[in-house]
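Novice: Can you keep this structure in mind? I'll have questions shortly.
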Amino acid sequence: MTFSLPRTFIQCLEKIAHGIDFFTEWTGRIIAWLTLAMMVLTCMVVVMRYFLETGSIALQEAVTYMHALVFLMGAAFTLKRGGHVRVDILYQKFSPRAQALIDALGALLFLIPVCLLILIFSWDYVMSSWEVREVSKETQGLPWVYLLKSLLLVMPITMLLQGIAEIIKNLLFFFRLGGEHIGEQQEGMV
């Protein structure tokens with residue numbers, strides 16, 4: 001099936017997808033380094049607790065904050081890299097064009113509605129935290145719980161953006177207008 005659209009419109013769509021991909025790749029690579037920082041801090045907490053017989057609530061909470069950042073901010077990067085879990089029993093037997101259509105429809109019917117629901121249901125929760133500038137319940141904990149909870153809004157926004165990029169690329173690929181399709185998971189962070 002071929003489809004005809006003005007070349008400038010197709011180029012505009014490709015630029016939008018490329019821009020979103022660039023943003024997602026850039027943020028994903030930065031966020032990936034937090035796993036190293038998280039590991040170092042975890043080792044520090046263990047050494048302080050079991051060898052120096054002291055502790056730091058703030059360091060323990062910093063590990064939690066980084067863990068949340070890695071998973072919530074890394075979700076769009078994982079989507080871009082084709083790393084989210086899918087049931088490949090039938091999918092892997094389809095042609096790349098059929099896979100692209102399935103991916104586009106999946107993003108339209110599942111990813112976008114779920115992200116919108118997360119945004120809607122998290123909004124009041126996050127805003128309540130911001131209103132009181134919520135802090136840790138621990139006396140020596142971190143004072144930025146409201147920033148941590150804000151990730152509940154940032155994650156679905158980044159997922160929506162990357163979902164839009166994936167829809168554009170997959171539909172352009174399906175209609176043979178350009179674009180690209182990543183049917184297989186990419187390995188590594190290269």
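Novice: Being assigned to a helix (DSSP H, G or I) and farther than 22 Å from I182 by Cβ is true for just one of L160, L147. Which residue is that?
Specialist: L147
Novice: Let me ask another. Do you know which of the residues in region 92-127 that are hydroxyl-bearing (S, T, Y) and in contact (Cβ under 8 Å) with a residue 12 or more places away in the chain is farthest from A165 (Cα to Cα)?
Specialist: Restricting to residues being hydroxyl-bearing (S, T, Y) and in contact (Cβ under 8 Å) with a residue 12 or more places away in the chain, the top hit is Y125.
Novice: Name the residue, out of L116, L160, that is modelled with pLDDT of 95 or more, surrounded by fewer than 16 Cβ atoms within 10 Å (Cβ to Cβ) and within 21 Å of the chain's Cα centre (by Cα).
Specialist: The match here is L116.
Novice: Further, regarding this structure: Does V145 fit the bill of being modelled with pLDDT of 95 or more, over 30 Å from I164 (Cβ atoms) and hydrophobic (A, V, I, L, M, F, W, C)?
Specialist: Considered against the rule, which asks whether it is modelled with pLDDT of 95 or more, over 30 Å from I164 (Cβ atoms) and hydrophobic (A, V, I, L, M, F, W, C), V145 comes out as yes.
Novice: Output yes when any residue across region 120-139 is closer than 16 Å to D21 by Cα and in a loop (DSSP other than H, G, I, E, B), and no when none is.
Specialist: no
Novice: Going by what's in this entry, would L177 be described as modelled with pLDDT under 90, buried (at least 16 other Cβ atoms within 10 Å of the Cβ) and either within 20 Å of L13 (Cα to Cα) or not small (G, A, S) (or both)?
Specialist: The answer is yes for L177.
Novice: From the set of residues in region 37-69 that are surrounded by 12 or more Cβ atoms within 10 Å (Cβ to Cβ) and of a type in the set (S, T, Y), which is nearest to L147 (Cα to Cα)?
Specialist: The selected residue is Y65.
Novice: Got at least one residue in region 26-40 being outside any helix (DSSP H, G or I) and either of a type in the set (S, T, N, Q) or within 27 Å of the chain's Cα centre (by Cα) (or both)?
Specialist: no
Novice: Name, by its number, the condition in (1) of a type in the set (A, V, I, L, M); (2) within 30 Å of S56 (Cβ to Cβ); (3) in contact with an Asp or Glu (Cβ under 7 Å, 6 or more places away or on another chain) that does not hold for A165.
Specialist: Going through the list (1) of a type in the set (A, V, I, L, M); (2) within 30 Å of S56 (Cβ to Cβ); (3) in contact with an Asp or Glu (Cβ under 7 Å, 6 or more places away or on another chain), A165 breaks only (2).
Novice: Picking from L5, L69, which residue would you name as being touching a Leu at 6+ places or on another chain (Cβ under 7 Å) and not in a helix (DSSP H, G or I)?
Specialist: L5
Novice: Tell me whether region 125-146 contains one or more residues that are surrounded by 18 or more Cβ atoms within 10 Å (Cβ to Cβ) and within 17 Å of the chain's Cα centre (by Cα).
Specialist: No, because not a single residue in region 125-146 is surrounded by 18 or more Cβ atoms within 10 Å (Cβ to Cβ) and within 17 Å of the chain's Cα centre (by Cα).
The values are calculated or read from the model by the stated rules, or taken from the named source; none is laboratory data. Being a predicted model, the structure only gives us computed values, none of them experimental. Using ideal geometry, Cβ is built from the backbone for each residue, glycine included, and neighbour counts are taken over all protein chains shown.
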